[in-house]
Amino acid sequence: MEQSKREIIVSGIRPTGNLHLGNYYGALGKFVKIQDQHDCNFFIADLHALTTASDPNALHANVKGVLAEYLAAGIDPEKATIFVQSDVPEISEMYLLLNMHVGIGELMRTAAFKDKARKALGITAPTSGDDDEAFEHEIIGASTNKRVNAGLLTYPTLMAVDILIQKATKVPVGKDQLQHLELTRRFARRFNSFYGVDLFPEPSDFDFGGAPVKVPGLDGSGKMGKSEGNCIYLIDDPKVLRKKVMRATTDEGPKVPNSPMSEPVANLFTLLELTSAPDVVEHFRNAYADCSIRYGDLKKQLAEDILAVTTPIRERIQDILANEDYLRRVVRDGAERARARAAATLAEVRQIMGIRPL
Ligand code: TYM
């Protein structure tokens, strides 16, 4: 397909530690699949990581780590533009400009912000009642200033800018990021209509034909996440990985044919569906339905199937990390390409908003 006609794709991952299966099935694995057909732009969201990171050396090391994981997973810098978010300063300027069209109310109602702010303040969400009202009450006035920074609140603005500054139309992400994507569309529409322009396309999730991906953790509930301590990392060695899977929470097993699944067991099946061949999934589903299932067998199979995905990636990471010149070259070239389009969009935004030379 002609270069300029290809769909523009943007997505990023925060360098807050090693990448896990959630990042892989929600994002990285998809990046690799689509890089041949589209104009792909994959970045390392170090500015977003700053909203929660407090150790500068760890942040710096994690940028390099995630870059190596991108490359080890198979993102090809000849096909896709790979860059570090902070290497494109146009993003920071446009973040300031777009913030003028973003309301603090809509930011405060974002699920990810509520989650992170509550975690930082050590408070739990109410199980009933008006969550927005309870949240506003907790957050304003609590000893919030030190622990919940304004960057966390304006996180969706920055994410919208990552996408809009490249005029991307498709954004491959996991289910947890869909609300941010919805906000991005809203900000794009608002900007276009406020100034009577048709500058930003409204981006949507990349449709792979299935439901949005939410990789569960191994602890029986919720999603796999770095801060939940329930992750399988791409770099886990086989012994560690097998141990983690074998220890995953289950239940006592079905006693009656075709009984409903408990959440921990349903989660194991979700992981199995992502990783294993359809006949393997079918086999264990049937075994669950007729009560002959042994969770130990399922876990053994699951661990081996996960290892088949992660082992080639793990084996490449060390070599890539050792090649500092190569890593530097990849992000320097990537930043150059990303900046070209970002600078053009920023110039338009400035012009439209009235920030013009005298
Ligand atoms: P981050 O770093 O939290 O996660 C990176 C990607 O991994 C996906 N993911 C998951 N998917 C399924 N199941 C899980 N358990 C799971 N955990 C993580 C996330 O959905 C995401 O796709 N805000 C983004 C980074 C970002 C971005 C952007 C993404 C910044 N600017 C612009 C797209 C476009 C984030 O926090 O990702």
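The values are calculated or read from the model by the stated rules, or taken from the named source; none is laboratory data. The shown structure was predicted, so the numbers you read here are calculated from the model rather than taken from an experiment. Positions of Cβ are backbone-derived with ideal geometry, glycine not excepted, and every protein chain shown enters the neighbour counts.
Brief remarks follow.
- Failed item in (1) surrounded by 14 or more Cβ atoms within 10 Å (Cβ to Cβ); (2) among the acidic types (Asp, Glu); (3) closer than 27 Å to ALA72 by Cβ, with GLU202 passing the rest: (3)
- Where ALA303 falls short, out of the listed (1) over 22 Å from LYS33 (Cβ atoms); (2) touching a residue at least 40 places away in the same chain (Cβ under 8 Å); (3) not in a helix (DSSP H, G or I): (3)
- Residues that are among the polar types (S, T, N, Q) and within 14 Å of the ligand (Cβ to nearest atom) were ranked within the stretch 202-253; the one that is farthest from GLY296 (Cα to Cα) is SER204.
- Listing of helices (runs of 4 or more DSSP H) fully contained in the stretch 89-129 that carry 1 or more residues being modelled with pLDDT of 95 or more: 89-99, 104-108
- Beta carbons closer than 6 Å, at least 6 apart along the sequence or on distinct chains, pair a first residue in the stretch 272-293 that is farther than 18 Å from GLY29 by Cβ with a second that is among the polar types (S, T, N, Q) and loosely packed, with under 13 Cβ neighbours inside 10 Å for ALA289/ASN258.
- Residue check, ILE82 outside any helix (DSSP H, G or I), out of contact with any Pro (no Cβ under 7 Å at 6 or more places or on another chain) and within 16 Å of the ligand (Cβ to nearest atom): yes
- Lone qualifier among GLY17, GLY26, GLY65 - being out of contact with any Ser or Thr (no Cβ under 8 Å at 6 or more places or on another chain) and buried (at least 23 other Cβ atoms within 10 Å of the Cβ): GLY26
- Single residue of ASP87, ASP76, ASP46 found to be acidic (Asp, Glu), under 30 Å from ALA308 (Cβ atoms), in contact (Cβ under 8 Å) with a residue 12 or more places away in the chain and out of contact with any Cys (no Cβ under 7 Å at 6 or more places or on another chain): ASP76
- Meets criteria (in contact with a helix residue (DSSP H, G or I) (Cβ under 6 Å, 6 or more places away or on another chain), among the polar types (S, T, N, Q) and assigned to a helix (DSSP H, G or I)) for GLN179: yes
- Filter result for ALA168 (outside any helix (DSSP H, G or I), in contact (Cβ under 8 Å) with a residue 24 or more places away in the chain and surrounded by 20 or more Cβ atoms within 10 Å (Cβ to Cβ)): yes
- Pick from the stretch 18-66, criterion acidic (Asp, Glu) and in a loop (DSSP other than H, G, I, E, B), ranking: nearest to the ligand (Cβ to nearest atom): ASP55
- Pair list, Cβ under 8 Å, 6 or more apart: the stretch 119-134 residue within 20 Å of GLY105 (Cα to Cα), other residue surrounded by 14 or more Cβ atoms within 10 Å (Cβ to Cβ) and of a type in the set (Ser, Thr, Tyr): LEU121/THR144
- Taking the stretch 187-199 as the range and being surrounded by fewer than 16 Cβ atoms within 10 Å (Cβ to Cβ) and either of a type in the set (Val, Ile, Thr) or within 16 Å of the ligand (Cβ to nearest atom) (or both) as the test, only VAL197 passes.
- All of (1) buried (at least 18 other Cβ atoms within 10 Å of the Cβ); (2) within 10 Å of the ligand (Cβ to nearest atom) hold for LYS175 with one exception: (1).
- From the options ILE8, ILE75, residue that is more than 15 Å from the chain's Cα centre (by Cα) and either within 13 Å of the ligand (Cβ to nearest atom) or under 20 Å from HIS180 (Cα atoms) (or both): ILE8
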